[in-house]
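Colleague: Here it is, the structure in full.
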Amino acid sequence: MTASSNEDGLVFECYSDPELKRWTHLANAKTWKGILTVQQYADREQLLGSSEISQKNKSNEMMETYPKSYQWLGQKYFVLKDRSLPENGEFSQVVSSCETLNRIGYCIHPGSNGKIEPALIVCIGGVFTFENHRRKGYAKNMIIKLNEFYDKIRDEANNVLELKNLVINLYSEVGEYYSTLGYKSMHVPLHHLSKLDELTKRYCGEGDVNDGKYLEFDDYRGLVELHEAQFKESLLSLHEENPEKFIFTVAPDFDIFKWFQYRDLFIMKKSGRKTQQNLSFGYALSDDSHIIWHHNWNGDSLIIVKIHIPDETIQGKELRLKKLLKKAIEETKMHGLQELEFWDEEIPIKRYPQLFQLLTELENESKVFSENGSISAVRPPKGYAAEQVIWDNNTKFCWF
């Protein structure tokens, strides 16, 4: 456990106590449990916290690849304590809590001489102040201390590139609250598709798509590896257009998708949701174009987490998109979900003329471009202003 304190008795701690984790999850369950019970929500958080992406600091591969920084990977837990409060229970002085999920990413910037460098991408989640302690500035103090905690790691990095390039981001569900704490919102609109039969008929075509396979729980690691080259090509292309900017992305990692799968299956089973067939988690065409999705049981929708289509003409890309969306629509309807949902940066609909035209005809404008309830925000790296930062792959893929 590491801690820092203020003269006013506020203590910020990074901890690993499983009982404290459970206690904080039971407390914030009322806010984020969705269709789960309080106990089920705490169980889900325990499951996700033990997943591969959350335990990256224990990975032998990460230890070998990043010997000077692996300990900062994975999920980290923090609390703010007020020592001036009565100590009448084990956690009675805990007033606020949060977590971070730390993953390897890539970046390119003016000082990297045209080369892509590793970066530690820190994503904040689970920011919570206990009900009887709200409106006292505790959450603000905690995030300030969290910023300082990771600033110190970056400032003491010496020549460890991934730590020197450390970036902190978050997904705000409280509007622009974090803007006063150094975070710049980078809103990405959502697309909600509800006229699925019409979309299938008029865009995807009524013929069956049979030149591929469904993606099962643990059988598409090789497909995710294809994202690597595409991500890096995108960084280099953005750098050519914006040589003065700091451009970053979360790196592709199959364990990120497994995190979504664990979440998906847990909520389905605990909610008693009955499905006619086994779940699949995506579909791949014979040329390795593929789509990966997440069943959002809380929101009654299927969310596209990642879509990968090899670079070619827009006509060729749209042809493959039609086939992949057809499979996503079939999955949506098969399990009784009502909408297909995706972030605009995942499928920028204005780049697909046929899709954009049809959606503007079929859907209400509020569904074609919806406000994202999780507003992406970034704290610019040291030495950069907010307008000098580009977040590539700012989609559901790297959400936490």
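Read-outs throughout are calculated quantities, based only on the coordinates presented, and are distinct from any laboratory measurement. The structure displayed is predicted, hence computed values, not measured ones. Note that we place each Cβ from the backbone using ideal geometry, even for glycine, and neighbour counts take in every protein chain shown.
Colleague: Mind giving me the FRET efficiency for Glu361 and Asp211? R0 is 25 Å, r the Cβ-Cβ distance, nearest 0.05 is fine.
Modeller: Efficiency, rounded to the nearest 0.05: 0.30.
Colleague: A further question follows. For the chain, what is the mean residue ellipticity at 222 nm derived from helices alone (per DSSP H run of n ≥ 4: -39500 (n - 2.57); sum divided by total residues; nearest 500 deg cm²/dmol)?
Modeller: It lands at -10000 deg cm²/dmol.
Colleague: For Cys14, Cys398, what's the fewest-to-most ordering of other Cβ within 10 Å of each Cβ?
Modeller: Exposure proxy ranking, most exposed first: Cys14, Cys398.
Colleague: Rounded to the nearest 0.05, what FRET efficiency do Asn242 and Lys333 have when you use their Cβ-Cβ distance and R0 = 35 Å?
Modeller: In this case the efficiency is close to 0.25.
Colleague: Compare Asp208, Asp253, Asp344 in a GNM of the chain, Cα atoms joined below 10 Å, and give the one with the largest fluctuation.
Modeller: Greatest mean-square fluctuation among the candidates belongs to Asp208.
Colleague: Also, quick follow-up: Cα centroids of the stretch 179-243 and the stretch 341-400: how far apart, whole angstrom?
Modeller: One Cα centre to the other: 11 Å.
Colleague: Among Tyr262, Ile292, Val209, flag the residue with its Cα farthest along the positive direction of the charge dipole of the stretch 190-368, charges on Cβ as +1 for Lys/Arg and -1 for Asp/Glu.
Modeller: Working it through, the farthest residue towards the positive pole turns out to be Tyr262.
Colleague: Can you tell me the Rg and the Dmax, both Å, for the Cα atoms in the stretch 245-357?
Modeller: Calculated on Cα positions, Rg and Dmax stand at 15.0, 49 Å.
Colleague: Something else: Fewest Cβ neighbours within 10 Å first, please rank Ile347, Ile144 accordingly.
Modeller: Ascending Cβ contact count within 10 Å gives the list Ile144, Ile347.
Colleague: Hey, another quick one. Counting other beta carbons within 10 Å of each Cβ, put His192, His25 in order, fewest first.
Modeller: Least crowded to most crowded, the residues run His192, His25.
Colleague: Moving on. Kyte-Doolittle mean at least -1.0 and Cα extent at least 27 Å along the axis: which DSSP H helices of the chain qualify?
Modeller: Answer set is 314-334.
Colleague: Next question, about the same structure. Distances longer than 42 Å among the Cα atoms of the chain: what percent of all pairs is that?
Modeller: 13 percent
Colleague: Going through the cross-link list Lys76/Lys258; Lys76/Lys306; Lys76/Lys152; Lys21/Lys145, which pairs have a Cα-Cα distance over 22 Å in this structure?
Modeller: Lys76/Lys306
Colleague: Given 0.36 nm per residue, what is the gain on full extension from Lys30 to Lys382 after removing their alpha carbon distance, in nm?
Modeller: Value of the extension gain: 123.1 nm.
Colleague: Would you mind computing, in nm to one decimal, how far apart the modelled labels at Ser16 and Asp255 are, each placed 7 Å from Cα along Cα→Cβ?
Modeller: Output for this residue pair reads 1.5 nm.
Colleague: Could I ask something else about it? Scan the chain and report its longest stretch carrying no GluC sites (Glu not before Pro) that are both in a DSSP loop and have at most 10 other Cβ atoms within 10 Å.
Modeller: Between exposed loop sites, the widest span is 245-370.
Colleague: What shape does the stretch 73-140 have by the C-alpha gyration tensor, where a ≥ b ≥ c are the square roots of the eigenvalues, rounded means a/c under 1.5, and otherwise prolate means a/b greater than b/c and oblate the rest?
Modeller: Prolate, because a/c is 1.5 or more and a/b exceeds b/c.
Colleague: Within 11 Å, Cβ to Cβ, of Ser97, how many net charges do the neighbouring residues add up to if Lys/Arg are +1 and Asp/Glu are -1?
Modeller: That sum, taken over residues with Cβ under 11 Å, equals 0.
Colleague: A further question follows. Viscosity 1.002 mPa s, temperature 20 °C: what is the translational diffusion coefficient of the stretch 293-400 from Stokes-Einstein with a Kirkwood Rh over Cα pairs, rounded to a whole number of µm²/s?
Modeller: My calculation gives 137 µm²/s for D.
Colleague: Each residue of the stretch 376-381 in order: what ³J(HN,Hα) in whole Hz does its phi give by Karplus 6.51 cos²θ - 1.76 cosθ + 1.60, θ = phi - 60°, with x for Gly and Pro?
Modeller: Each residue of the stretch 376-381 in turn: 5, 8, 10, 8, x, x Hz.
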